[in-house]
1. Please list, in order, the residues from the range 52-96 whose amide nitrogen is less than 15 Å from a point placed 7 Å along the Cα→Cβ vector of residue 109.
2. Expected output is a single nm value to one decimal: the length gained when fully extending between residue 15 and residue 143, i.e. 0.36 nm times separation in residues minus the C-alpha distance. What is it?
3. Tell me, 172, 144, 94 in order of fewest to most beta-carbon neighbours within 10 Å?
4. Distance between Cα centroids, the range 1-50 to the range 93-126: provide it in whole Å.
5. I'd like the distance between the alpha-carbon centres of the range 134-178 and the range 64-82, rounded to an integer number of Å.
6. Calculate the spin-label point distance for residue 97 paired with residue 176, positioning each point 7 Å from the Cα along the beta-carbon direction, and give it in nanometres.
7. Taking neighbour Cβ counts within 10 Å as the exposure measure, how do 97, 88 sort from fewest upward?
8. Residue 135 to residue 62: extension gain in nm, 0.36 nm per residue of separation minus the Cα-Cα distance?
Amino acid sequence: MSIDSLKEKLPEYAKDLKLNLSSLSQEEILNEQQLWGCFLASALTGRNAEVIAAIGAEAAQHLSAEAMEAAKGAAAIMAMNNVYYKFTGMMGDDYRTMQAKLRMNIIGNPGVDKIDFELWSIAVSAINGCQYCVKSHEQKVVHDGMSREQVQAAVRIASVVQAVSAVLDGVDAMAAGGIAAAA
């Protein structure tokens, strides 16, 4: 599978997603590791098997084994952190000041450039809707020299990959209910 195979699976009403997949896979503001790490972490966060398989296969052509593991690690750790930090944000000061007491070792030693891992964490956190994690990781990458345009590119990738996952889940659900998705 590949990005092209994903585009073929999308119905006509999702034509904009097809176009965005094409343009984002050619995005030049991010380096290859940043780009494909964002794609992979976002695919894993979207949880659609077809999207994960297609983007995973494509990412494997562009990422080292260490970067593949780190992108998967970003999706994993942020799945936990986004729930926890959204909760603390909802509850307020008492919980915000408490020590998390959750292991997060991969954030300190991700096995790739830390700025890339932080960027992937922003993409995952944007999908999961954790404003606290998005803000925290965004401040870190901008402080370390990344531009806001690069951050925006990562979130654009996350938004499109998430939308593709949602559309394909919807197509499958409609098909299971005997409803034609292409109408």
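1. Residues passing the 15 Å test: 70.
2. Numbers: separation 128, 0.36 × 128 = 46.08 nm, distance 3.67 nm.
Roughly 42.4 nm would be gained on extension.
3. Numbers: 172 14, 144 11, 94 8.
Ascending number of Cβ neighbours within 10 Å: 94, 144, 172.
4. 24
5. If you average the Cα positions of each part, the centres end up 15 Å apart.
6. Result for the modelled spin labels: 4.6 nm.
7. Details: 97 8, 88 16.
Fewest to most other Cβ atoms nearby, the residues stand as 97, 88.
8. Numbers: separation 73, 0.36 × 73 = 26.28 nm, distance 2.81 nm.
Result: 23.5 nm gained on full extension.
The numbers here are math on the coordinates, done by the rules we state, and not lab data. Values in this document were obtained by computation on a predicted structure and should not be read as measured data. Counting neighbours? That spans all protein chains shown, and the Cβs are built from the backbone with ideal geometry, glycine included.
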